[in-house]
Amino acid sequence: MVALPGVGSSAVVFEFTVPDGYRGIVKWMSNNLIGSSFSVVASEVVWRLLADGKPIRNYENIRVERGTPQLPRPVEGIRIYARQKIQMIVEHAANAGVTGEVAGSLSGIYIPLG
């Protein structure tokens, strides 16, 4: 969990590196703002999933909460590869009145190579 940064700023919610010798499939995710409400219509908070610093297609502009920390939401099998650095980034796009902490998670499986 990380504090929501100031308007116009971003922060890393979490990051990990896929172990050498493995690939993986992300099957569930959650992204949430805890401690404050925000307007989905206004897109005040934006989440992005990155692989090696580059946006993961279809997960580069998430403007709504998905799942909860206790019950993540199924996703369409995001493939990840050995030694990739995976990050969830949050950007505080608007409304300085929105505060709180940001939580996020990815769950799935690792598959040994070869």
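Couple of notes before you dig in:
- Neighbour net charge for S30 - beta-carbon separation under 10 angstrom, K R +1, D E -1: +1
- In this label model, F14 and N58 are separated by 2.1 nm, measuring between points 7 Å along each Cα→Cβ vector.
- Projecting the alpha carbon convex hull of the chain along each direction and taking the average yields 6.8 nm².
- Based on alpha-carbon atoms, the Kirkwood radius and the radius of gyration of the stretch 62-114 give Rg/Rh equal to 1.04.
Read-outs: derived from the displayed coordinates by stated rules, not from any lab. Computed from a predicted model, the values in this text were never measured in an experiment. All Cβ positions, glycine included, derive from the backbone under ideal geometry; neighbour counts span all protein chains shown.
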